[in-house]
């Protein structure tokens, strides 16, 4: 080959290779999507993430004479302002928010784009929803006719016609009565204390204690699992029906002369609930509601039947540290996300992890004998502190003392108490095995 031609051919090949390398390795990376774009792609609904800012919702149903108006009062608290003044069902409103955030709309079908709003059921619409966000921004959603499958509807959202899923339409097009909250008490998970004032006899006070409930007056003890279940059933009770008329003056007088229940939530005024004649009237809701007697079983159960059978006010899952002392040896153990860490700060082997979990579970479920035996006068053979904090302190948990017996099964007692009880596991041997020599 002619040397000149060979040189030109080699030069072209070199330039081609260099260009390919620039395309693969040298081209600057595409700019990353902004956080807002990423959030929008993961929330593809009509409003996207802004749906969480919904503050007011007004729904017009042209085939019905009523208008539904709702206003946000808190993170999961909504107020129904029309057609009744009442507490709104938070689940119903949350369903609307989820649909507005996540249900992806589609463009209008090509053969429908030339049709008029009247042809597509948008004039007059089946439903009109006015949406107001926390910052004051407003949107309008008009619902028209379904497609042939019935799975999507034509809508006009802020003037633009689209197709949306049936789920969004169903959340809006519901009978007005279904916007009312059938739960007797709002936000039961936030209730921190319950007081009971019967017209005849003594009442009581319950307070939430971590993951459990504790009676604090007239006595003080942890509730039994059965008692915990009664509290949960009371707080999650639902009305048999929701009347449309508020209580009359005569009905109010009857209720206020009856028994009284008071629910306390941090940062909120207490809710007073009067009970009479198989119904209740609450201070935050003007409607007399019929209830199931079984939902209020807690209020009529003898206090002794509510008492926990366990020695300590502890739940295994809330223990995050412990300190063991046997003779002159002592060690602290802490639980973090991976598991239990030993006194040296190292993660314990699986067998030792399991041993500590079993030890904590056994101690938390010790049932004291009634009557107990006198605690030995001598110094305890071992001590165990279980704590809800990363520092093993009895003030944030409990302290157990034990004394070995000839048969290997120890007596145990809460620190400083006069009565001990027998347990059926060798606490001394198990604890000593966890401590370094």
Q. Among the candidates 154, 164, 169, which residue alone is assigned to a helix (DSSP H, G or I) and surrounded by 16 or more Cβ atoms within 10 Å (Cβ to Cβ)?
A. 169
Q | Matching entry among 232, 247 (being under 17 Å from the mean Cα position of the chain (by Cα) and either surrounded by fewer than 16 Cβ atoms within 10 Å (Cβ to Cβ) or part of a loop (DSSP other than H, G, I, E, B) (or both)) | A | 232
Q. Residues in region 427-434: is at least one touching a strand residue (DSSP E or B) at 6+ places or on another chain (Cβ under 6 Å), surrounded by 15 or more Cβ atoms within 10 Å (Cβ to Cβ) and at pLDDT 90 or above?
A. no
(Q) Consider region 352-377. How many of its residues are modelled with pLDDT of 90 or more, outside any loop (DSSP other than H, G, I, E, B) and surrounded by fewer than 15 Cβ atoms within 10 Å (Cβ to Cβ)? (A) 4
(Q) What's the number of the only condition in (1) within 20 Å of residue 178 (Cα to Cα); (2) at pLDDT below 95; (3) exposed (fewer than 15 other Cβ atoms within 10 Å of the Cβ) that residue 42 fails to meet? (A) (1)
Q. Among 87, 79, which is the only one that is buried (at least 17 other Cβ atoms within 10 Å of the Cβ) and in contact with a strand residue (DSSP E or B) (Cβ under 7 Å, 6 or more places away or on another chain)?
A. 87
Q: Provide a single number: the residues in region 86-108 that are in a loop (DSSP other than H, G, I, E, B) and either within 16 Å of residue 177 (Cβ to Cβ) or out of contact with any helix residue (DSSP H, G or I) (no Cβ under 8 Å at 6 or more places or on another chain) (or both).
A: 4
Q: Please specify each residue of region 319-342 satisfying the condition of being touching a strand residue (DSSP E or B) at 6+ places or on another chain (Cβ under 9 Å) and either part of a loop (DSSP other than H, G, I, E, B) or outside the structural domain of residue 422 (by TED's automatic domain parsing) (or both).
A: 319, 320, 327, 338, 342
**Q.** region 61-73, subset in contact (Cβ under 8 Å) with a residue 60 or more places away in the chain and surrounded by fewer than 16 Cβ atoms within 10 Å (Cβ to Cβ), residue nearest to residue 187 (Cα to Cα)
**A.** 66
**Q.** Where residue 288 falls short, out of the listed (1) in contact with a helix residue (DSSP H, G or I) (Cβ under 7 Å, 6 or more places away or on another chain); (2) crowded, with 17+ Cβ neighbours inside 10 Å; (3) not in a strand (DSSP E or B)
**A.** (3)
Q | Filter result (assigned to a strand (DSSP E or B) and either touching a helix residue (DSSP H, G or I) at 6+ places or on another chain (Cβ under 9 Å) or at pLDDT 95 or above (or both)) within region 61-80 | A | 67, 68, 69, 70, 71, 72, 77, 78, 79, 80
Q. Can you find a residue in region 175-198 that is in a loop (DSSP other than H, G, I, E, B), farther than 30 Å from residue 56 by Cα and not assigned by TED's automatic domain parsing to the domain that holds residue 88?
A. yes
Q.
Can you find, within region 311-327, the residue that is surrounded by the fewest Cβ atoms within 10 Å (Cβ to Cβ) among those that are modelled with pLDDT of 90 or more and more than 29 Å from the chain's Cα centre (by Cα)?
A. 325
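The values are calculated or read from the model by the stated rules, or taken from the named source; none is laboratory data. Quantities reported herein were computed from a predicted structural model and do not represent experimental measurements. Here the Cβ is made from the backbone with ideal geometry for all residues, glycine too, and neighbour counts use every protein chain on show.
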